[in-house]
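The values are calculated or read from the model by the stated rules, or taken from the named source; none is laboratory data. The structure displayed is predicted, hence computed values, not measured ones. Positions of Cβ are backbone-derived with ideal geometry, glycine not excepted, and every protein chain shown enters the neighbour counts. Just the protein is used for accessible areas: all its heavy atoms, side chains included, with ligands, DNA and RNA removed. Shrake-Rupley method; radii C 1.70, N 1.55, O 1.52, S 1.80 Å.
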Amino acid sequence: MNQRWLNILGLALVAVIGIAFMILTPRFAELDTVLELTVYMVMAVLALSLALIWGYGGILCFGQSAFFGLGAYAYAIAMFNIGESTVPVLLAIILPAAFAALLGYFMFYGRISDVYLGVITLTVTLILFNAINSTAGPEFHIGTARLGGFNGIPGIPPLNWPGDRTAAVDLEGMFYLAAGSVLVTYFGLRLLLASRFGRIIVGIRENERRAELLGYDPRAYKLATFTIGGALAGFAGCLFANWGSFVSPTIFGLSQSAQIIIWVIVGGRGTLIGPIVGCIGIQWLSTALGANQPTGTDWWAKIFANAPLILGVILIAFVLLVPKGLVPTLGDLGGWLLGLRGRRGAERERFEPEAAE
Amino acid sequence: MAPLLQTRDLSKHFGGVHAVRNVNFTLDEGELRCLIGPNGAGKSTFFKMLTGQLEPSQGQVLFRGQDISSAHAHQIARLGIGIKTQVPNVFDGLSVRENVWLAASRLHRGEKARRLVDEMLERIGLTQVAGRLVGQLAHGQRQWVELGLVLSTDPELILLDEPAAGMTHEEVNKTAELVREINRTKALIVVEHDMQFIRMIAKKVTVFNQGSVLVEDQVENIMRNPLVRDIYLGKQAAAA
Ligand SMILES: Nc1ncnc2c1ncn2[C@@H]1O[C@H](COP(=O)(O)OP(=O)(O)O)[C@@H](O)[C@H]1O
Ligand SMILES: [Mg+2]
């Protein structure tokens, strides 16, 4: 019984903290802090997309940035052509989802092994990077939107309330939208994972062969999971294009792809809250390191000025020392402190084979 | 009456190893058959071809007259063949209840599924440990979990690959009892080494040796068959 109550308590806690954070931040924080927090929230949606695919679906996707970038580009290009944001937002979700479905179809129905799956997804995003990167010339345009190549697409028009192109979403509105998206995505995924579908994809992650022998088609379930993840990442991309009014091919790049995986590893695979925490924590750290770069020629100053290096060290430390990730490890610790562990241990001893009847 | 399951010249080779060769096997509706043979005789490989885990190199598998030789594992499961594999094949990271629920949910939803799970937990005697992770259970109990999974999908034909392996004497008796009970409504093929167990359950026995069917006969005759004693029972006696 306590497991169930702990779950409900945890959900309530997330809801209260999330809503309080969302309502209070714009009132008390400086505008540039709000802006900073907005991008953290956008990225948290992206982190959740991989949390679903990898953490629950067991699909090792190194190229989640492909869907993120496609979402951002789809929104930008559609926005220049249409001017009203309803259809561009839908396109930013549907196009990456369709692309994920197509790619997933070939990978899962082609029985590609897990390792190659990682390689293929990474390759796809790098191909997109190179393709978009080389569209700098004026001949590369879709409708009125120039692709801009390595220069990216600046001045992307902001979102508006559906149907009313004069009611543009302002910076504060953008924060509410991003934070609200994190909450809706989080609770939506919780519902999905509690459903029959969610429990089956976890079963497939645990033992694909067994699931198959029970009559479930793992390919279909993985494809559905991958497509949902693609849609979510695309939506995050749309928010990102809005946040900075700008998108460039680096969105498809190696460092962006790696970031998403690091968030999930640090926060904890197999949880939803973990990747959110990992995502926000690491971005905050990157910003802090960037802002407080020590100057000077001492060796230590040089090391601390190298943010990617420090992030790399943190990642390695996590993989080696906290392999389950932050949130599951804290959960274990909490459970142990509450004495759940002790009781389980005792139970184990009572159930030697002869006592099983 | 048409047979429930039939194989025609069924063969599987891995490179140069002929694991199963030209097996013509027939099982009637509702039949309980034992499959014995020394290690490496091809019994597990045979089961894998029946369940779509391996594609036959040659030959056919017919289930109720339908050719399932190249069907996918999940399709075959849906047609009504369930298998308990030799190496326990369960969801180790999930609770006993979640394991059984996943199986029951193939056919049932909501309250009905939950009720069936409770009944199955009672039937396999694991109600007390329903909340435990399967990976933490003793080997024998994990075998029971897998039996529960197979039974929950309500198959017409159940394949059991060494169901009594690693079980205590008492558990073996219980398993034999369960097999007889299942056989009141379902057909089964059981691979087992334990001759005690086979005597408890079997009527007809098929003996595999080096990938082929050596003999097929009633259990009393098999026990007396010198050829069988020689290649199989003798070896076991010598080892004992
Ligand atoms: N995947 C495989 N690759 C290569 N050889 C295999 C494979 N599976 C089984 N074999 C070989 O096929 C033969 C039959 O194995 P198996 O069907 O497991 O026998 P049994 O279940 O009767 O002990 C053995 O010689 C085994 O080594
Ligand atoms: Mg075997």
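Springs between alpha-carbon atoms under 10 Å, Gaussian network over chain B: tell me which of B:LYS112, B:LYS43, B:LYS203 tops the mean-square fluctuations. The residue that fluctuates most here is B:LYS112. A simple spin-label model places pseudo-atoms 7 Å from Cα toward Cβ; at A:THR33 and A:ALA317 they are separated by 2.5 nm.
Between region A:123-164 and region A:20-56, what is the separation of their alpha carbon centroids in Å? When both Cα centres are located, 24 Å separates them. Keeping all protein chains in the complex and leaving out DNA, RNA and ligands, what accessible area do you get for A:THR250 with a 1.4 Å probe, in Å² to the nearest 10? Result for A:THR250: roughly 90 Å² accessible.
With an 8 Å cut-off on Cα pairs and a minimum separation of 6 or more residues, tell me the relative contact order of chain A in percent.
Values: 509 pairs, mean separation 97.6, N = 357.
Computed over chain A, the figure is 27 percent.
What chain A shows is 48 Å² of accessible area per residue, with the surface traced by a 1.4 Å probe over protein heavy atoms. Remark on region B:90-154: Rg and Dmax equal 10.4, 30 Å (Cα only).
Among the protein heavy atoms of region B:90-154, carbon and sulfur supply 48% of the accessible surface, probe 1.4 Å, non-protein parts ignored.
By the helix-only formula, in which each DSSP H run with n ≥ 4 contributes -39500 (n - 2.57) and the sum is divided by residues, chain B has a 222 nm mean residue ellipticity of -10000 deg cm²/dmol.
Given charges of +1 on the Cβ of Lys and Arg and -1 on the Cβ of Asp and Glu, with all other atoms neutral, how large is the dipole of region A:11-254 about its Cα centre, in debye to the nearest 20? Working shown, then result.
On the way: 12 positive and 13 negative charges, 161 e Å.
For region A:11-254, the charge dipole is close to 780 debye.
Computed over every Cα-Cα pair of region A:1-147 and binned at 5 Å starting from 0, the pair-distance distribution P(r) comes out as 2, 8, 11, 15, 15, 15, 13, 11, 6, 2, 1, 0, 0 percent. In the protein assembly as shown, a dipole from Cβ-located charges (positive for Lys and Arg, negative for Asp and Glu) runs towards its positive end, and of B:LEU178, A:ALA51, A:PRO88 it is B:LEU178 whose Cα lies farthest in that direction.
When peptides B:12-23, B:206-217, B:135-146, A:27-38 are ranked by their average number of other Cβ atoms within 10 Å per residue, the highest-first order is B:135-146, B:206-217, B:12-23, A:27-38.
At 0.36 nm per residue, minus the direct Cα-Cα distance, what do B:HIS13 and B:GLN128 gain on full extension? Give it in nm, one decimal, please. Don't jump to the answer; show the numbers that get you there.
Details: separation 115, 0.36 × 115 = 41.40 nm, distance 4.43 nm.
Gain on extension, B:HIS13 to B:GLN128, equals 37.0 nm.
Provide the net charge surrounding A:GLY325, with neighbours chosen by a C-beta distance below 14 Å and charges set as Lys +1, Arg +1, Asp -1, Glu -1. Before the final figure, lay out the partial values.
Details: positive: A:ARG269, A:LYS324; negative: A:ASP332.
In short, +1.
Annotation: amide H of A:ASN160 within the under-5 Å range of A:SER85, A:VAL169, sequence separation 5 or more or interchain, hydrogens built in the peptide plane.
Looking at chain B, the accessible area is 42 square angstrom per residue; that uses a 1.4 Å probe and ignores ligands, DNA and RNA.
Specify, per residue and in Å³, the volume enclosed by the convex hull of the alpha carbon atoms belonging to chain B. Don't jump to the answer; show the numbers that get you there.
Values: hull volume 31.7 nm³, N = 240.
Dividing the Cα hull volume of chain B by its residues yields 132 Å³.
Computed from point charges on the beta carbon alone (+1 for Lys and Arg, -1 for Asp and Glu), the dipole magnitude for the protein assembly as shown about its Cα centre is near 520 Debye.
Chains B and A: buried accessible surface, both sides, probe 1.4 Å, rounded to 100 Å²?
Values: alone 11460 and 18720 Å², together 27420 Å².
In total, this chain pair buries about 2800 Å².
I want to verify the translational diffusion coefficient of the protein assembly as shown in µm²/s; compute it with Stokes-Einstein, Rh as the Kirkwood radius over Cα pairs, at 10 °C and 1.306 mPa s. After rounding, the answer is 58 µm²/s.
Computed as a quarter of the hull surface, the mean projected area of the alpha carbon convex hull for chain A stands at 22.6 nm².
For the protein assembly as shown, give me the percentage of DSSP beta bridges that are antiparallel, rounded to the nearest 5 percent.
Numbers: 25 of 42 bridges.
Roughly 60 percent of the beta bridges in the protein assembly as shown run antiparallel, per DSSP.
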